[in-house]
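Contents: one structure, followed by commentary.
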Amino acid sequence: MSRTFEELVAEAEAVSVAGWDFSWLDGRATEQRPSWGYQRLMGERMASASAALDIQTGGGEVLAGVETLPPLTVATESWPPNIDKATRLLHPRGVAVVVDEDEPPLPFGAEAFDLVVSRHPVSTWWEEIARVLRPGGTYLSQQVGPASVFEVVEFFLGPQPPEVRRGRQPEDAQALAEAAGLEVVELRSESLRTEFFDVGAVIYFLRKVIWMVPGFTVEQYRDRLRDMHELIQAEGPFLAHTTRFLIEARKPG
């Protein structure tokens with residue numbers, strides 16, 4: 001028997017959204033993964049590094065999944081629930097978690113790391129990355145691309161202006177990296193199928209990824225949420241497209 005709108009809403013409002021673990025969505029939403037396998041690539045780079053920095057580590061889940069960490073590994077995070085979770089997860093691996101507000105400067109000296117990584121950073125401060133990298137060092141990042149999951153965003157906010165839709169272009173990231181003195185050695189992008197099987201999954205997603213619909217609350221968007229529930233009931237999963245790009249850059253030297 002299908003669950004009612006009110007039941008789905010109540011459940012999704014009550015669940016914790018701390019950390020960066022999306023396992024609550026298992027069976028309720030699916031997201032196609034990029035073909036390059038970011039965690040595998042990160043693990044390969046980590047295995048040969050001597051000092052590594054993971055910027056905006058979230059709850060530390062991705063870094064904790066790396067088999068071999070460098071002798072010196074540091075992670076930064078700004079959101080208090082994530083800081084606590086990352087500390088519990090990463091300290092047993094010997095990783096120091098540093099509280100940082102995700103604004104320059106990074107709290108490290110020049111040329112401190114031969115590897116810097118970041119998965120889905122909110123902002124990328126290219127000059128700071130170049131500063132903390134040693135000559136010959138590498139920056140590897142998987143980032144959110146343009147108009148990612150905008151089918152969901154525009155369902156609630158309406159059509160977005162062209163300047164918003166074109167933000168986060170991979171080519172813009174390349175230009176900024178090069179302006180900071182880095183050499184981009186790889187740039188790849190993909191559009192990936194994402195499905196939400198019930199409105200509760202959408203509520204959880206918007207509560208967790210707070211920048212998608214800024215200020216989102218169930219109360220404010222209850223009517224549109226009900227519309228989405230009825231749409232899913234009538235037509236099946238709500239289809240969106242996630243965009244991701246991989247950028248790898250090297251500091252000359």
Among Val213, Val199, Val185, Val209, the single one that is closer than 12 Å to Val9 by Cα and either crowded, with 18+ Cβ neighbours inside 10 Å or not basic (Lys, Arg) (or both) is Val199
Inside the range 137-155, the number of residues satisfying the requirement of being of a type in the set (Gly, Ala, Ser) and either touching a helix residue (DSSP H, G or I) at 6+ places or on another chain (Cβ under 7 Å) or without any contact (Cβ under 8 Å) to a residue 40 or more places away in the chain (or both) is 2
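Yes/no per residue for (1) of a type in the set (Gly, Ala, Ser); (2) free of Cβ contacts under 8 Å to residues at least 40 places away in the same chain; (3) surrounded by 21 or more Cβ atoms within 10 Å (Cβ to Cβ):
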residue: Pro34; (1), (2), (3): no, no, no
residue: Ala47; (1), (2), (3): yes, yes, no
residue: Gly59; (1), (2), (3): yes, no, yes
residue: Asp114; (1), (2), (3): no, no, yes
residue: Pro121; (1), (2), (3): no, no, no
residue: Glu128; (1), (2), (3): no, yes, no
residue: Pro135; (1), (2), (3): no, no, no
Per the filter on the range 61-81, residues surrounded by fewer than 22 Cβ atoms within 10 Å (Cβ to Cβ), of a type in the set (S, T, N, Q) and closer than 27 Å to Thr243 by Cα are Ser78
In the range 156-209, anything under 20 Å from Pro146 (Cα atoms), part of a helix (DSSP H, G or I), among the small types (Gly, Ala, Ser) and touching a residue at least 40 places away in the same chain (Cβ under 8 Å) is listed as Ala173, Ala177
Across the range 70-96, the tally of residues that are of a type outside the set (D, E, K, R) and either under 20 Å from Val17 (Cα atoms) or touching a Cys at 6+ places or on another chain (Cβ under 7 Å) (or both) stands at 11
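Can you tell me which residues in the range 22-32 are out of contact with any Ser or Thr (no Cβ under 9 Å at 6 or more places or on another chain), surrounded by 15 or more Cβ atoms within 10 Å (Cβ to Cβ) and not aromatic (Phe, Trp, Tyr)? Break it down stepwise before answering.
At the first step, the residues of the range 22-32 found to be out of contact with any Ser or Thr (no Cβ under 9 Å at 6 or more places or on another chain) are 22-23, 25-28.
Subsequent filtering for residues that are surrounded by 15 or more Cβ atoms within 10 Å (Cβ to Cβ) retains 22, 25, 28.
Correct list: Leu25, Arg28.
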Discussion item. So, Val74, is that one out of contact with any Ser or Thr (no Cβ under 6 Å at 6 or more places or on another chain), closer than 30 Å to Tyr221 by Cα and among the β-branched types (Val, Ile, Thr) or not?
Written reply: no
Scanning the range 145-162 residue by residue, those surrounded by fewer than 17 Cβ atoms within 10 Å (Cβ to Cβ) and either in contact with a strand residue (DSSP E or B) (Cβ under 6 Å, 6 or more places away or on another chain) or under 19 Å from Ser191 (Cα atoms) (or both) turn out to be Glu151, Glu154, Gln160, Pro162
- Query: Looking at the range 217-231, is at least one residue touching a residue at least 24 places away in the same chain (Cβ under 8 Å), closer than 20 Å to Ala14 by Cβ and not in a helix (DSSP H, G or I)?
  - Reply: yes
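None of the figures in this text is laboratory data; all of them are computed from the coordinates on show. Since the model is a prediction, treat every value here as computed from it, not as a measurement. Cβ: placed from backbone, ideal geometry, glycine included. Neighbour counts: every protein chain shown.
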